[in-house]
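**Q** So that we are looking at the same thing, I have put the structure below in structure tokens.
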Amino acid sequence: YLGLPPIPPDLKPITSYLQRAHDTRTQDPVISYWCAYYAAQVGIGLRVVSSPNRTFLASLLTTLENVRSTVGPSDAIIVESASSAYVENFALRVFSSADNEDRCGTATRKTAKKFLAAATFFEVLNVFEDRGPWEAHKEKVRYAKWRAADISKALREGRQPS
């Protein structure tokens, strides 16, 4: 993802954030930046100090700086309250899109993926000092993950998700 070397097994918990950073890199570089930033924060917090892990995290930090310079001066990166609101609004748009498809009875595997993506974007809110947005959407994360699993299970079983 993002031109980085393969993710070491010890850093597997950051894979979903890097995947979302990679997926949004051209569509929305600001979201890509915050996903990669959160991945770096989580990766450093894992305290896995082997050489491959350090090398990978160093590459990730270099990539972060490159993304930041590509985006340029933006309140959505520099000002924490604006950044938090930006990520929150993006996560809400993805969640709403998935939820609308689900409630219309047109849920597909893509809907399940949207729910998982929304959950990941909501989790990125943990990167900000202000815990309010994360606390406000914690239940949405649980719901999104549950719906994604439920939709996937229904499709595997050959039935329409309910």
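The values are calculated or read from the model by the stated rules, or taken from the named source; none is laboratory data. These numbers come from a predicted model, not from an experiment. Positions of Cβ are backbone-derived with ideal geometry, glycine not excepted, and every protein chain shown enters the neighbour counts. Note: areas computed on protein heavy atoms with side chains; ligands, DNA, RNA excluded. Shrake-Rupley method; radii C 1.70, N 1.55, O 1.52, S 1.80 Å.
**Q** Would you point out the residue of the stretch 129-144, among those that are surrounded by 16 or more Cβ atoms within 10 Å (Cβ to Cβ) and at pLDDT 95 or above, that is farthest from the chain's Cα centre (by Cα)?
**A** Y143
**Q** Just to be sure I understand, how many residues within the stretch 85-106 are farther than 15 Å from A119 by Cα and either touching a residue at least 40 places away in the same chain (Cβ under 8 Å) or assigned to a helix (DSSP H, G or I) (or both)?
**A** 7
**Q** Next up: When both residues are 6+ apart or on different chains and their Cβ atoms are under 9 Å apart, which pairs have a first residue that lies in the stretch 147-162 and is loosely packed, with under 13 Cβ neighbours inside 10 Å, and a second that is assigned to a loop (DSSP other than H, G, I, E, B) and modelled with pLDDT under 90?
**A** Pairs that qualify, where the first residue is loosely packed, with under 13 Cβ neighbours inside 10 Å and the partner is assigned to a loop (DSSP other than H, G, I, E, B) and modelled with pLDDT under 90, are K153/P161.
**Q** Now for a separate question. Within the stretch 81-107, track down each residue that is among the polar types (S, T, N, Q), more than 15 Å from the chain's Cα centre (by Cα) and open to solvent by less than 60 Å² (accessible area, probe 1.4 Å).
**A** S96, S97
**Q** Something else about it: Based on this model, can you work out whether Y33 counts as free of Cβ contacts under 8 Å to residues at least 60 places away in the same chain, in a loop (DSSP other than H, G, I, E, B) and within 14 Å of the chain's Cα centre (by Cα)?
**A** Working: free of Cβ contacts under 8 Å to residues at least 60 places away in the same chain: yes; in a loop (DSSP other than H, G, I, E, B): no; within 14 Å of the chain's Cα centre (by Cα): yes.
Judged against the criteria, Y33 is not a match.
**Q** Using the structure shown, decide if I14 is among the hydrophobic types (A, V, I, L, M, F, W, C), touching a residue at least 40 places away in the same chain (Cβ under 8 Å) and in contact with a helix residue (DSSP H, G or I) (Cβ under 6 Å, 6 or more places away or on another chain).
**A** no
**Q** For the stretch 43-77, enumerate the residues that are outside any loop (DSSP other than H, G, I, E, B), more than 23 Å from D28 (Cα to Cα) and either among the charged types (D, E, K, R) or touching a Ser or Thr at 6+ places or on another chain (Cβ under 7 Å) (or both).
**A** Answer for the stretch 43-77, where residues must be outside any loop (DSSP other than H, G, I, E, B), more than 23 Å from D28 (Cα to Cα) and either among the charged types (D, E, K, R) or touching a Ser or Thr at 6+ places or on another chain (Cβ under 7 Å) (or both): just R54.
**Q** Of everything in the stretch 49-80 that's surrounded by 16 or more Cβ atoms within 10 Å (Cβ to Cβ) and out of contact with any Pro (no Cβ under 7 Å at 6 or more places or on another chain), which residue is farthest from G3 (Cα to Cα)?
**A** My answer is A76.
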